[in-house]
Amino acid sequence: MSGRLRDRIAIVVGAGSSGPGWGNGKAAAVLFAREGAKVLCVDIDEAAAQETAGIITGEGFEAAAVQADVTRAEQVEALVADCVARWGTVDILQNNVGILDSSGPVELSEAEWDKVISVNLKSMFLTCKFVLPVMERQRRGAIVNVGSIAGLRWTGIPYITYSTTKGAIPPFTRSIALQYAAKGIRANVVSPGLMNTPMIREPLKDAYADGDIDKMIEIRDAQCPMGHMGDAWDVASASLFLASDEARYITGTELIVDGGITAKMS
């Protein structure tokens with residue numbers, strides 16, 4: 001690796017994986033560490049956060065795991081304070097936490113609406129709320145928020161809460177980018193397309209293929225112009241670029257990582 005994040009301190013939120021394999025946050029945390037960052041791996045699932053941190057330290061890099069519910073302000077404030085106490089600052093924030101429900105507005109319960117809005121959007125507000133003052137003090141920082149093309153286009157599944165929350169991420173991020181541009185802080189969005197990660201397996205197997213995971217993957221692969229879904233490393237690589245100094249003059253923008261699917265839908 002080339003040390004693109006050497007001596008940087010990163011918080012990756014949603015750094016665990018919801019099942020065996022590589023989720024977007026897990027891959028990002030490991031890739032950031034391989035490129036020289038010290039990484040605070042945050043997840044609501046303590047074992048998942050510990051697994052990611054263990055991979056990083058097992059490779060000889062530096063990481064720590066924190067269990068936190070990032071919809072709770074006091075827990076977010078505490079994890080940011082933990083990072084600052086441990087390593088002195090926060091240079092990079094990658095927001096990757098997210099859940100989905102494949103229901104439309106009639107089928108969806110009010111409780112589930114509130115839950116997805118809170119996990120997917122309120123969590124991002126809270127992490128930015130407590131990280132931005134740290135970055136402002138040092139007049140440097142990079143925020144990478146993970147969105148989705150579901151916030152841009154209809155992808156065939158009526159997950160209204162998911163598309164609504166992901167659609168809100170670009171304007172949320174632009175607001176931060178423009179407010180803090182003169183203070184040395186950048187904020188950008190990575191919007192993945194159809195990705196083959198552990199997150200899709202249980203929630204989407206019924207929505208696509210009556211419980212058949214292999215068939216669901218086959219259908220989603222066929223939707224992509226390149227003939228296959230992307231994976232967590234595609235999202236991690238895009239996040240790395242936006243977090244690094246290579247993107248030092250890029251802020252308030254959205255990097256779509258989708259193998260061409262949104263171009264095809266235009």
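Of all residues in the range 92-114, those satisfying the criterion of being touching a residue at least 40 places away in the same chain (Cβ under 8 Å) and part of a helix (DSSP H, G or I) are Glu112, Trp113. Filtered by the rule that a residue be in contact (Cβ under 8 Å) with a residue 60 or more places away in the chain, acidic (Asp, Glu) and not in a helix (DSSP H, G or I), the range 211-266 gives Asp231, Glu254, Asp258.
Determine whether Thr52 is crowded, with 24+ Cβ neighbours inside 10 Å, part of a helix (DSSP H, G or I) and not basic (Lys, Arg). Yes; evaluated as a whole, the condition is true for this residue.
Leu31 fulfils the conditions (1) in contact (Cβ under 8 Å) with a residue 40 or more places away in the chain; (2) buried (at least 17 other Cβ atoms within 10 Å of the Cβ); (3) of a type outside the set (S, T, N, Q); (4) part of a loop (DSSP other than H, G, I, E, B) except for a single criterion, (4). In the range 221-230 there is no residue that is out of contact with any helix residue (DSSP H, G or I) (no Cβ under 8 Å at 6 or more places or on another chain), modelled with pLDDT of 95 or more and at negative phi. Which of the residues spanning the range 6-23 are within 22 Å of Pro192 (Cα to Cα) and modelled with pLDDT of 95 or more? Once the filter is applied, which keeps residues that are within 22 Å of Pro192 (Cα to Cα) and modelled with pLDDT of 95 or more, the range 6-23 yields Ala10, Ile11, Val12, Val13, Gly14, Ala15. The one condition from (1) surrounded by fewer than 24 Cβ atoms within 10 Å (Cβ to Cβ); (2) of a type outside the set (A, V, I, L, M); (3) outside any helix (DSSP H, G or I) that Glu77 does not meet is (3).
Listed by first and then second residue, the pairs with beta-carbon distance under 6 Å, at least 6 apart or on different chains, first residue in the range 158-187 and at positive phi, second among the basic types (Lys, Arg), are Gly184/Arg139; Gly184/Arg140.
Are any of the residues in the range 141-157 in contact with a Ser or Thr (Cβ under 7 Å, 6 or more places away or on another chain), within 18 Å of Gly25 (Cα to Cα) and among the basic types (Lys, Arg)? No, the range 141-157 has no match at all. All of Val70, Val116, Val106 fail the test of being in contact with an Asp or Glu (Cβ under 8 Å, 6 or more places away or on another chain) and either at pLDDT 95 or above or under 28 Å from Met195 (Cα atoms) (or both), apart from Val116. What about Ser191, is it under 20 Å from Gly16 (Cβ atoms) and surrounded by 16 or more Cβ atoms within 10 Å (Cβ to Cβ)? Against the criterion (under 20 Å from Gly16 (Cβ atoms) and surrounded by 16 or more Cβ atoms within 10 Å (Cβ to Cβ)), Ser191 does not qualify.
Go through Asn145, Asn188 for me and flag whichever is in contact with a Cys (Cβ under 9 Å, 6 or more places away or on another chain), at pLDDT 85 or above, outside any helix (DSSP H, G or I) and not basic (Lys, Arg).
Asn145
Mind checking which residues of the range 55-74 are part of a loop (DSSP other than H, G, I, E, B), touching a Lys or Arg at 6+ places or on another chain (Cβ under 9 Å) and of a type in the set (A, V, I, L, M)?
Val70 - this is the single residue of the range 55-74 that is part of a loop (DSSP other than H, G, I, E, B), touching a Lys or Arg at 6+ places or on another chain (Cβ under 9 Å) and of a type in the set (A, V, I, L, M).
From the list Ala150, Ala181, Ala177, the one residue that fits, being within 15 Å of Gly252 (Cα to Cα) and crowded, with 18+ Cβ neighbours inside 10 Å, is Ala177.
The values are calculated or read from the model by the stated rules, or taken from the named source; none is laboratory data. These numbers come from a predicted model, not from an experiment. Note that we place each Cβ from the backbone using ideal geometry, even for glycine, and neighbour counts take in every protein chain shown.
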